[in-house]
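J.: Take this structure, written in structure tokens, and hold onto it; I'll ask about it next.
Nothing in this text is a laboratory measurement; each read-out follows from the coordinates by a stated rule. It should be emphasised that the depicted structure is a prediction, and the values quoted were computed from it without experimental measurement. Positions of Cβ are backbone-derived with ideal geometry, glycine not excepted, and every protein chain shown enters the neighbour counts.
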Amino acid sequence: MIGLNEIPTHFGDVSVAQVGPYDRRIHSSPIEYKVSYINNLPMPITIGLRSGLKFALPPLLSMRDSTLVVRVEIHISHLLKIDVQKLLSAINNESSAELKVMREAFIIQINETYHGGVNLIIDYSLDATTLRKFGGVIYYHELDCIISLKEYGETPAHPYSEEGRKLQLLDVNSTDCTGNDFSYSVKLVDNFNKYGPRFININSSVYKINTTKDSSKKDGIYITSNKPFSGDVEATDGNKSLAYYSFDSEEIKLYLSAEEANSLGDSLINRKQKITELEHTSSVQRLELQQIKHEHEIQILEKTKEKLVLEMEREALKAKLEEMRSDYENRIKMEREQQKDHYEEKSYKRKDSSELLRWIPAIITGISAIVLAVAKSKK
């Protein structure tokens, strides 16, 4: 079971609600909480809220009342009505006055309304006598607000607002807020043990600053000190100041180790580490450069190889074309030689035929002479 002092405080985000008419009409909460401030006192009243918001209420004179009334309206829908009824039914004499009044208002609502939700209306009243009794300024515990008879600028901050918590921290850490002593206090808030202690160097001496848990404060570094000297005229609005830094801030010189603090962040180890890092970076860059050079050389070799292959293919194609041209020329030459021999042979044949034809009459005449000679000899 988590103890009351162990409940963590969440410092959440806040934003402007983008609510349109449709959202207001349809999306209703099962419980609504409304606070109204009615100043029936004869003087203005200043209200300070936890958020840091402050506002002045002008007097609204009433014939029936002369007090400041803070009216709280709690609308509970039928979805939560049973749960609230169970809680209020267990109220006893040891319970708070607020819960007792809520139970009374709930009973009235139950008697008047049997169905639907209930609307609890509670008034917190405060008169001027009570305010003056406590000096004109009070922190109203049940309403969690500051109520002041003082003017707007003189009303102190809400004790649990950012400014109020800073002022409380100043009061706790301040030893002499009005004297001439110098003080410098460093507080490390580390609620979840994420960051660990830090070291600081003051006048060449190293001090360790341990972390602490404070659920009312955000994680970070809180420094309370005298206000810095900025001229010949000293500040008149208080001698102390409070500054907040995150653990990652470089504006405040806190160190992770005593050695680093002793050398103000410039230790031999750090220098060696920086040199090692530079050498490593240089080695990596050299390797990258060599890799780039190697890849470039490979690209050049591949391009040279491609060029040689293309050159060889071109030479082979050229040789093949030359061979084809030579074969073609030889074939044409042979065909021409064959045609020439053919035509010469035909010419020789024609010439022989002509010679034969010229000799045919002579042959016939000779044969006739021989035949006549033979015939004569037979006679």
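J.: In square nanometres, what is the average projected area of the Cα convex hull of the chain? The partial results should precede the final answer.
T.: Numbers: hull surface 249.6 nm².
Seen from a random direction, the Cα hull of the chain projects 62.4 nm² on average.
J.: I want to check the label-to-label distance for LYS333 and LEU301. Put each point 7 Å from Cα in the C-beta direction and report it in nm to one decimal.
T.: Placing both labels 7 Å beyond Cα along the Cβ direction yields 4.7 nm.
J.: Of the peptides 314-327, 32-45, how do they stack up when ordered by the mean number of other Cβ atoms within 10 Å, highest first? Intermediate results must be reported in sequence, preceding the final value.
T.: On the way: 314-327: 10.0, 32-45: 14.7.
Packing proxy ranking, top to bottom: 32-45, 314-327.
J.: Shifting gears a bit: What would the Debye equation give as log₁₀ I(q)/I(0) for the range 26-157 at q = 0.11, 0.13, 0.18, 0.21 Å⁻¹, counting only Cα atoms as equal point scatterers?
T.: -0.50, -0.67, -1.02, -1.17
J.: Counting Lys and Arg as +1 and Asp and Glu as -1, what is the net charge of the other residues whose Cβ lies under 14 Å from the Cβ of LEU143? Could the numbers behind the result be given before it?
T.: Details: positive: LYS34, ARG50, ARG71; negative: GLU73, GLU98, ASP123, GLU142, ASP144.
Surrounding charge for LEU143 is -2.
J.: Going highest first, how would you order 281-290, 74-83 by mean Cβ packing within 10 Å?
T.: Numbers: 281-290: 10.0, 74-83: 14.7.
Taking the mean over residues of other Cβ atoms within 10 Å, the ranking is 74-83, 281-290.
J.: Still on this structure, please answer the following. Once you charge only the Cβ atoms, +1 for Lys and Arg and -1 for Asp and Glu, what is the size of the charge dipole of the chain about its Cα centre, to the nearest 20 debye? Before the final figure, lay out each step's value.
T.: Numbers: 50 positive and 55 negative charges, 646 e Å.
Around 3100 debye, computed over the chain.
J.: Further, regarding this structure: Around MET43, what is the net charge, scoring Lys/Arg as +1 and Asp/Glu as -1 over all other residues with Cβ under 11 Å from its Cβ? Walk me through the numbers on the way to the answer.
T.: On the way: positive: ARG132, LYS150; negative: GLU151.
Around MET43, the charge tally is +1.
J.: Moving to a separate point now. Can you list which of the GluC sites (Glu not before Pro) found in the range 75-104 are DSSP loop residues with at most 10 other C-beta atoms within 10 Å? If you can, show how the numbers build up before the last one.
T.: On the way: sites: GLU94, GLU98, GLU104; in loops: GLU94.
Here the GluC sites (Glu not before Pro) that fit, given the DSSP loop and packing criteria, are GLU94.
J.: Still on this structure: Within a 10 angstrom radius of the beta carbon, how do ARG350, ARG50 rank from fewest other beta carbons to most?
T.: On the way: ARG350 10, ARG50 15.
With the fewest neighbours first, ARG350, ARG50 line up as ARG350, ARG50.
J.: Cβ neighbours within 10 Å, averaged per peptide: list 156-164, 203-211 in order, most packed at the top. Walk me through the intermediate numbers first.
T.: Numbers: 156-164: 16.7, 203-211: 11.2.
Ranking, from highest mean packing down: 156-164, 203-211.
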